[in-house]
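This report refers to the structure that appears directly beneath it.
The values are calculated or read from the model by the stated rules, or taken from the named source; none is laboratory data. Bear in mind the structure is a predicted one, so any value in this text is a computation, not a measurement. When we count neighbours, we look across all protein chains shown, and the Cβ atoms used for this are built from the backbone with ideal geometry, even at glycine.
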Amino acid sequence: VEELLKHKAAIYRPNTYGAGQGITYDPETLKVIWEQLALQSGVRLLYHALVVDVIREGDTIQGVVIASKAGLFRLTAQVVIDASGDADVAARMDVPFESSRDVPIQSLTTTFKLINVDVEKAKNVKKAELHAKMQQAAEWGYDLPRKEGSVHLTPLPGVMATNMTRVRDVDPLDIQQLTQAEIEGRRQAMEYSRFLIERIPGYEKAALGGLSVQIGVRESRRIFGEYRLSRDDVLSARKFSDAIAQCGAPIEEHHAGQDTRWEYLPEGETYHIPYRCLLPQKAEGLLVAGRCLSADHDAHASVRSMGQCMAMGQAAGAAAVIALQHNTHPRAVAIPELQSTLRRLGAILD
Ligand SMILES: Cc1cc2nc3c(=O)[nH]c(=O)nc-3n(C[C@H](O)[C@H](O)[C@H](O)COP(=O)(O)OP(=O)(O)OC[C@H]3O[C@@H](n4cnc5c(N)ncnc54)[C@H](O)[C@@H]3O)c2cc1C
């Protein structure tokens with residue numbers, strides 16, 4: 001965030017639904033900042049490579065197999081962190097998980113940006129007014145599956161970013177369904193932008209300025225870890241002795257209907273994310289971080305937000321280093337050592 005602000009590529013805003021502070025950023029600048037931060041820290045980056053298999057000795061992971069234009073390669077490692085969102089590595093290790101194949105999951109969204117917006121005029125449009133027009137849109141000849149989409153200011157002049165489209169009942173682990181979802185998401189983005197340009201004040205001279213790199217998947221596989229974060233943990237703001245991060249975000253479920261389900265924690269409260277949610281059952285040497293953590297559907301709908309995914313990544317990275325230093329597995333990492341390392345790195349645990 002500090003780097004983004006230096007580049008004038010982020011703005012603070014009240015969170016749309018009252019759930020604390022929001023930060024809107026320019027993702028193009030963030031790509032470059034992340035690369036620089038990673039390179040300065042001595043990280044070796046490798047793009048254009050997809051993990052397609054694991055190298056294992058029994059239940060212990062020893063590395064991954066990547067597919068690239070130059071063929072297949074083996075990357076060996078003492079600790080592997082699966083931050084694939086879809087738990088691709090964990091699934092190859094045959095760890096227990098729940099997925100879109102077992103239970104209903106959240107809908108997918110293609111986000112898009114509008115350029116040349118009269119931002120002063122557009123930001124005066126109240127959410128209720130936008131939603132009322134979305135409800136009416138079918139009568140005017142628009143096909144808008146979701147009637148509660150949101151549109152956000154960005155740090156870029158004349159640019160607004162949206163979260164509007166809804167592609168429902170898709171299994172993101174099935175590439176044929178995912179392909180159809182990409183096509184449908186882009187079609188909807190065109191339709192929602194036509195609606196905004198033709199019907200909403202401030203967008204009269206706007207144009208569709210960019211689609212998300214790919215359709216956004218909110219949920220696919222969730223592993224079963226040493227602990228499974230539950231809906232009750234979230235809504236009762238439960239605390240854990242092995243906390244590696246906190247979360248105050250509400251349950252935000254983009255189900256298959258026309259609206260979105262929101263359920264809040266008690267005012268001002270947060271719950272803890274336990275380290276055990278990053279530790280898959282039946283696999284050694286493996287950590288997961290991000291939206292594939294061990295959580296039930298409702299808890300996941302709260303904990304999957306970006307800040308928490310980054311905090312999980314930081315915790316998994318710190319745990320991996322400690323495991324290497326002690327020549328042991330992530331499961332054996334001492335919690336006090338992990339927590340003091342995280343506090344030293346600036347993590348907010350309490
Ligand atoms: C439309 C949409 C809007 C959202 N809006 C917000 C919001 O406003 N605020 C908020 O906080 N959260 C929001 N979220 C939620 C949040 O963005 C995600 O839950 C979070 O970014 C997930 O992070 P992640 O790192 O776990 O997974 P991802 O961001 O999905 O990252 C996984 C990465 O792994 C790579 N990968 C996947 N498989 C492989 C493989 N086999 N080999 C190699 N690489 C692989 C992918 O390319 C990707 O780069 C939104 C989500 C969506 C879909």
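I'm trying to understand the selection: among the residues of segment 331-346, which are among the hydrophobic types (A, V, I, L, M, F, W, C) and under 24 Å from the mean Cα position of the chain (by Cα)? Working first, answer last.
Initial filter on segment 331-346 (among the hydrophobic types (A, V, I, L, M, F, W, C)): 332-335, 338, 342, 345.
Once the filter is applied, which keeps residues that are among the hydrophobic types (A, V, I, L, M, F, W, C) and under 24 Å from the mean Cα position of the chain (by Cα), segment 331-346 yields Leu338, Leu342, Leu345.
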Practice item. Note down all Cβ pairs under 7 Å where the first residue falls in segment 196-209 and is touching a residue at least 12 places away in the same chain (Cβ under 8 Å), the second is in a helix (DSSP H, G or I) and among the hydroxyl-bearing types (Ser, Thr, Tyr), and they're at least six residues apart or on different chains. Key: Leu208/Ser193
Check your understanding: If you check Gln135 against the conditions, is it part of a loop (DSSP other than H, G, I, E, B), under 27 Å from Val217 (Cα atoms) and in contact with a Lys or Arg (Cβ under 7 Å, 6 or more places away or on another chain)?
Key -> no
Review point. Looking at segment 331-340, is at least one residue among the polar types (S, T, N, Q), modelled with pLDDT of 95 or more and on the phi > 0 side of the Ramachandran plot?
Key: no
Check your understanding: Looking at segment 225-249, which of the residues that are surrounded by fewer than 19 Cβ atoms within 10 Å (Cβ to Cβ) and either among the aliphatic types (A, V, I, L, M) or assigned to a helix (DSSP H, G or I) (or both) is farthest from the ligand (Cβ to nearest atom)?
Key -> Asp232
Study note, to complete from the structure: Gln176 fails exactly one of (1) among the polar types (S, T, N, Q); (2) surrounded by 23 or more Cβ atoms within 10 Å (Cβ to Cβ); (3) out of contact with any Pro (no Cβ under 7 Å at 6 or more places or on another chain), namely (2)
Practice item. Restrict the check to segment 136-149 and report whether at least one residue is buried (at least 20 other Cβ atoms within 10 Å of the Cβ), under 30 Å from Pro280 (Cα atoms) and of a type in the set (Lys, Arg). Key: no
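Being among the β-branched types (Val, Ile, Thr), modelled with pLDDT of 95 or more and over 23 Å from the mean Cα position of the chain (by Cα), is that true of even one residue in segment 284-307? Explain how you work it out, then say what you get.
Residues of segment 284-307 among the β-branched types (Val, Ile, Thr): 288, 303.
Now narrow it down to the ones that are modelled with pLDDT of 95 or more: 288, 303.
If we keep only those that are over 23 Å from the mean Cα position of the chain (by Cα) as well, we get none.
Within segment 284-307 (the criterion being among the β-branched types (Val, Ile, Thr), modelled with pLDDT of 95 or more and over 23 Å from the mean Cα position of the chain (by Cα)), the answer is no, since none of the residues qualifies.
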Check your understanding: Considering only segment 22-73, how many residues are more than 11 Å from the ligand (Cβ to nearest atom), surrounded by 14 or more Cβ atoms within 10 Å (Cβ to Cβ) and among the small types (Gly, Ala, Ser)?
Key -> 1
**Study point:** Residue in segment 53-110 that is nearest to Val151 (Cα to Cα), counting only those that are acidic (Asp, Glu) and modelled with pLDDT of 95 or more
**Key:** Asp86
Revision key, fill the gap. Heads up, the strands (runs of 3 or more DSSP E) in segment 1-114 (entirely inside) with at least 1 residues that are aromatic (Phe, Trp, Tyr) are 10-14, 21-25, 71-76
Review point. Can you pull out the residues in segment 166-223 that are assigned to a strand (DSSP E or B) and touching a Lys or Arg at 6+ places or on another chain (Cβ under 7 Å)?
Key: Gly209, Gly210, Leu211
